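Visitor: Once you've had a glance at the structure underneath, I'll fire off some questions.
The values are calculated or read from the model by the stated rules, or taken from the named source; none is laboratory data. The structure presented is a predicted model; accordingly, all values stated were derived computationally and were not measured. Note that each Cβ is placed from the backbone with ideal geometry, even for glycine, and that neighbours are counted across all protein chains shown. SASA here: full protein model, heavy atoms, side chains in, ligands and nucleic acids out. Shrake-Rupley method; radii C 1.70, N 1.55, O 1.52, S 1.80 Å.
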Amino acid sequence: MRKTVREDVRVVAGREVPFTHPHKLLYPEQGITKARLADHYERVWPRMAPLLKDRPLTIKRYPRGLGQGGFYQRRVQEWFPDWVRSTELPMKDDPSQVVREVVADHPATLVFLVNIGALEIHASLARAQAPDLADMMIFDLDPPGDFTDEVRRVAVEFRDMLEDLGLPVYVKTTGSRGFHVTVPLKPRLSFDVTRRLARALGERMIARDPDNLTLMPRKDVRKGRILIDIWRNAYAQTAVAPWSTRARAGATVATPLSWDEMTQGIHPRAWTIANIGERLALPDPWADFFDRALDLRSWARSAPDDLAAIVGQNVQAG
DNA sequence: GTTGTAG
DNA sequence: CTACAACAACGCACC
DNA sequence: GGTGCG
Ligand SMILES: [Mn+2]
Ligand SMILES: [Mn+2]
């Protein structure tokens, strides 16, 4: 096949992106092509961009399509276009070593990632400028098997508890088996602190429902209970980004929800690349996500003692 | 999807 | 020149 | 140091 520049390039908001095999089936069962996936990211970009701003990304690639084996990638390669923005993260053990990761500041970046077969986009819970200061806290609810409605009820219970404690709480589908209950934070505290706080809050949930919930990740210890996965709250770790597709049949989408939708009942795979357009006509339930970011130190002044102790407080001078 | 190397 | 293999994460808990 | 886990 003769190569012409025009056929291997896609223009995205004025930027020329290398884009090969647009009709390649990335989701063969549903007939979803690379071009269709790129359409998705161009379409959700206005809502996705503020949630990706300044965040190091990890992608999950399936260059030969879903079902042909995938792998995570976080390092920017030499052959990435030079307009793809990136940032260096020191490694936790041995900060003299760094990992250069993509930061998406333009829809063309996501289209480029689609071109190399990225079916999932995962984002840090901190911004590049302060990679150890969490600006959100995620409770990732992972059922033992496939989704059951118990997971949804637990998420709603979580919201009730967190709201009673005065925390802002958002939720998204993961496009897989559960939900991400998410608290926006001012970037002031390290992941060591937010993870300990998440653990303490998880323990409060377990006290309400010990038969169905656990914080123990080992499968042989969980025994049918829903895992409250707090391990996304860690340095240089990521969670599937809002509006990302998943490497699952149907090209499900991790979708920001309103709590009304959660209360009324919803499946974590309800939203897909095929029906997500319906949501984009409706108000964005996460539109004020960062506006409501919480300063945990201020919050701690009126929080229960055990929780305040984890956050640490500025002591009033006497 | 891209690169390096063997044939 | 073509073919094919190699490569493409990391952090935390626990034994 | 290796394993389990996401
Ligand atoms: Mn999960
Ligand atoms: Mn998880």
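Visitor: Could you list all residues from the range A:233-283 that are more than 30 Å from A:F191 (Cβ to Cβ), open to solvent by 50 Å² or more (accessible area, probe 1.4 Å) and in contact (Cβ under 8 Å) with a residue 24 or more places away in the chain?
Guide: A:A249, A:T263, A:H267, A:A274 - these are the residues of the range A:233-283 that are more than 30 Å from A:F191 (Cβ to Cβ), open to solvent by 50 Å² or more (accessible area, probe 1.4 Å) and in contact (Cβ under 8 Å) with a residue 24 or more places away in the chain.
Visitor: Now a separate question. Scan the strands (runs of 3 or more DSSP E) fully inside the range A:86-131 and keep the ones with 3 or more residues being buried (at least 22 other Cβ atoms within 10 Å of the Cβ).
Guide: A:118-124
Visitor: Right, next: Check whether at least one residue in the range A:140-161 is on the phi > 0 side of the Ramachandran plot, of a type outside the set (S, T, Y), within 15 Å of DNA strand D (Cβ to nearest atom) and surrounded by 22 or more Cβ atoms within 10 Å (Cβ to Cβ), and report yes or no.
Guide: There is no residue in the range A:140-161 that is on the phi > 0 side of the Ramachandran plot, of a type outside the set (S, T, Y), within 15 Å of DNA strand D (Cβ to nearest atom) and surrounded by 22 or more Cβ atoms within 10 Å (Cβ to Cβ).
Visitor: Related question: Quick check on my filter: what residues within the range A:67-79 are surrounded by fewer than 16 Cβ atoms within 10 Å (Cβ to Cβ) and either under 22 Å from the mean Cα position of the chain (by Cα) or within 16 Å of DNA strand D (Cβ to nearest atom) (or both)?
Guide: Selection gives A:G69, A:F71, A:Y72, A:R75.
Visitor: Restricting to the range A:197-214, give me the number of residues that are open to solvent by 10 Å² or more (accessible area, probe 1.4 Å) and within 17 Å of A:M161 (Cα to Cα).
Guide: 10
Visitor: With the checklist (1) outside any loop (DSSP other than H, G, I, E, B); (2) under 21 Å from A:T255 (Cβ atoms) in hand, flag the one item A:F147 doesn't pass.
Guide: Going through (1) outside any loop (DSSP other than H, G, I, E, B); (2) under 21 Å from A:T255 (Cβ atoms) one by one, A:F147 breaks only (1).
Visitor: Being aliphatic (A, V, I, L, M), touching a Phe, Trp or Tyr at 6+ places or on another chain (Cβ under 9 Å) and within 16 Å of DNA strand D (Cβ to nearest atom) is the filter here, so list the residues in the range A:80-106 that pass it.
Guide: A:L89
Visitor: Does the range A:48-66 hold any residues that are under 19 Å from A:I138 (Cα atoms) and open to solvent by 30 Å² or more (accessible area, probe 1.4 Å), and which are they?
Guide: Of everything in the range A:48-66, those that are under 19 Å from A:I138 (Cα atoms) and open to solvent by 30 Å² or more (accessible area, probe 1.4 Å) turn out to be A:P50, A:K53, A:D54.
Visitor: What is the one condition in (1) touching a residue at least 24 places away in the same chain (Cβ under 8 Å); (2) within 19 Å of A:Q264 (Cβ to Cβ) that A:D160 does not satisfy?
Guide: The one condition A:D160 does not meet is (1).
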